[in-house]
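First comes the structure, then the notes that go with it.
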Amino acid sequence: MVNPTITNAIDRVGPRIKEFRTRRDITLTELSAETGISVSTLSRLEKGERKPSLELLLPIALALQTPLDELIAVPRIADPRVVVAPRTVSGRTIQPLTARREGLQAFKITIPRGQSDPDPVTHDGYEWLYVLSGHLRLILGDHDVVLGPGEVAEFETTVPHWFGSAGRGPVEILSLFGAQGQRMHVRARSTRAAAPGSSPDVRRSRRRAAPSTGATSTG
C-alpha cells in the first residue's frame, strides 16, 4: 500500500508548479520553451492529469529556479528544528528562523550601531518588527521614530522605509514578512524631513510578545 503522505505530496506537485510559475509571471509557452516539455504535458501536469516524474520535475525546477524539494514539498517527518546558517548583508547579521523560502518568513536581525546613513527603500509586502534589545530607529515615509525593547511596528513596505540602531550599541529585532517582501529593493528617498518622535503610520505596542502555545493559526 502506498504511503498516504507520499500520495498527498504527489497530488500537490501540479498545483505547486502552477503556483511557482504564476508567481514568476511565466506562461506555459515560456516554460515549455525553457524546459523542452510540451505545453500540453505541462498543462496536464499542473491539473494533476499527468503523474510527475523526475525526468519532468528536474528541468521544471531549474527553469523556475526552485529547489526540487520545495517543488515536491514532502512534509517533514524527522527533526522539526530549523537549522539555517546566518548570513551577513551590509554589516547586518540575518538569522533565518524559517527553513522554507516561501510564505510568511521570520528572521532575527542584529544591526551594529552607526552602521550607515538612512537610505529609505521600497518593496512589495507588509513588514512586522519586534525589538528584542537595543533601540531601533525607524524611518517610514515622513516619520522618524525610535522603538525600544518590547515595542512593535508594522507597516506597508511600499512606503519608503529604513531602520537601524538608534543607540550606542547594536539593536536586535525580529522581522516577519511574506514572500513578496523578498523582492529586490527599489531606492526611493523621502523628500520631506520628519521631526523625531512624530507619530508614524505604524502600530506601536509595549506589550511583550506572548510565548508560542504550539497552536496552528488558521487566520
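What follows is calculated from the coordinates using simple rules that are stated; it is not laboratory data. Everything quoted here is computed from the prediction, not taken from an experiment. As a convention, Cβ positions derive from the backbone with ideal geometry for all residues, glycine included, and neighbour counts pool all protein chains shown.
Across all directions of projection, what mean area in square nanometres is found for the Cα convex hull of the range 15-72?
3.3 nm²
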Sorting T110, F177, H143 by the position of each Cα along the dipole of the range 87-187 (Lys, Arg +1; Asp, Glu -1; all at Cβ), the one nearest the positive end of that ordering is T110
Rel. contact order, % - alpha carbon contacts under 8 angstrom, at least six apart, the range 1-57
40 percent
Run down the lysines and flag those whose C-alpha is under 19 Å from the C-alpha of K18, throwing out any fewer than 8 positions away in its chain.
K47, K51
What does the charge dipole of the range 87-187 about its Cα centre add up to, to the nearest 20 debye, if the Cβ of each Lys and Arg holds +1 and the Cβ of each Asp and Glu holds -1?
500 debye
